[in-house]
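Below is one structure, written out as structure tokens; the observations come after it.
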Amino acid sequence: SKQHSDINKKALVTSGPTHEPIDPVRYIANRSSGRQGHAIAAALAARGIETTLVSGPTDLPDPKGVNVIRVESAEQMLSACNDQLPIDVAICAAAVADWRVKDAGSQKMKKETGGLPTLELVENPDILHAISSRKKQRPDLVVGFAAETENVVKNATAKRLRKGCDWILANDVSIGTGTFGGEKNAIHFITDDGCEDWPHMTKQAVAERLVDSIVSHFSVPGKD
Ligand code: C5P
């Protein structure tokens with residue numbers, strides 16, 4: 001039986017790193033664990049919100065009650081996200097690779113060929129920007145993250161406008177904060193109304209507070 005839903009909305013979350021192929025056996029990756037994105041998907045589902053998680057490769061178990069679509073590359077992630085539209089709220093928490101290898105080979109590169117390979121890179125699609133700037137089927141609410149090491153609020157405020165998203169959760173990841181790969185986050189919650197500093201809290205607590213904000217947003221008369 002389906003759980004009672006706090007709001008009758010559909011949510012999409014991106015999470016994890018992407019893997020960008022070099023050849024059939026090699027790839028470029030990053031250290032994202034996927035913990036924050038997976039926690040958000042779990043928190044949405046726990047509130048009875050219909051949730052799809054588009055995840056890059058992670059070791060994490062699938063969150064309970066979530067429709068999980070596994071992808072590897074940024075291009076696959078974008079097309080999996082587009083396949084989910086229309087949705088009401090999109091939360092982009094994935095650490096998408098900025099670049100991919102141009103013309104990744106379909107055969108394994110061989111060192112016996114001699115010489116050193118050169119990897120030519122091309123820019124990946126920006127999924128948050130692509131979803132935010134859609135003319136058709138733009139979600140009512142688009143949420144992004146910003147990992148910053150200095151001028152956190154100023155940079156994240158500029159990023160919110162550049163990306164065209166509605167909310168940004170800015171994370172101070174400077175050395176000593178222990179955020180990257182760690183258990184806790186220090187979030188500055190940036191919206192059109194300004195910035196709200198959240199206390200240092202676990203990624204699960206960040207997820208729950210974000211979902212509270214999403215539920216309130218859609219519960220305000222006139223915004224439903
Ligand atoms: O530009 P930057 O990587 O700092 O932006 C971070 C935000 O943008 C995150 O919400 C991330 O999920 C999203 N992003 C994306 N696609 C990219 C790069 C970033 O969705 N190619």
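The values are calculated or read from the model by the stated rules, or taken from the named source; none is laboratory data. Keep in mind it's a predicted model, so treat the numbers as computed, not measured. No Cβ is skipped: glycine too gets one built from the backbone with ideal geometry, and neighbour counts run over all protein chains shown.
Computed quantities for the displayed model
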quantity	calculated
In the range 64-109, the residues that are touching a Leu at 6+ places or on another chain (Cβ under 7 Å), surrounded by fewer than 16 Cβ atoms within 10 Å (Cβ to Cβ) and either assigned to a helix (DSSP H, G or I) or modelled with pLDDT under 95 (or both)	none
Search result, residues across the range 1-55 that are under 16 Å from Leu141 (Cβ atoms) and in contact with a Phe, Trp or Tyr (Cβ under 6 Å, 6 or more places away or on another chain)	Ile7, Lys9
Residue that is farthest from the ligand (Cβ to nearest atom), among those in the range 161-175 that are of a type outside the set (S, T, N, Q) and not in a strand (DSSP E or B)	Ile175
Any hit, the range 144-160, residues being under 15 Å from the mean Cα position of the chain (by Cα), assigned to a strand (DSSP E or B) and modelled with pLDDT under 95	yes
Hits in the range 114-146 (condition: of a type in the set (A, V, I, L, M), buried (at least 20 other Cβ atoms within 10 Å of the Cβ) and within 9 Å of the ligand (Cβ to nearest atom))	Ile127, Leu128, Ile131, Val143, Ala146
Pairs with Cβ under 7 Å, 6+ apart, first in the range 37-65 and without any contact (Cβ under 8 Å) to a residue 24 or more places away in the chain, second in a helix (DSSP H, G or I)	Lys64/Ala42; Lys64/Ala45
Qualifying residue in the range 31-44 (condition: loosely packed, with under 15 Cβ neighbours inside 10 Å, closer than 25 Å to Thr202 by Cβ, within 16 Å of the ligand (Cβ to nearest atom) and at pLDDT below 95)	yes
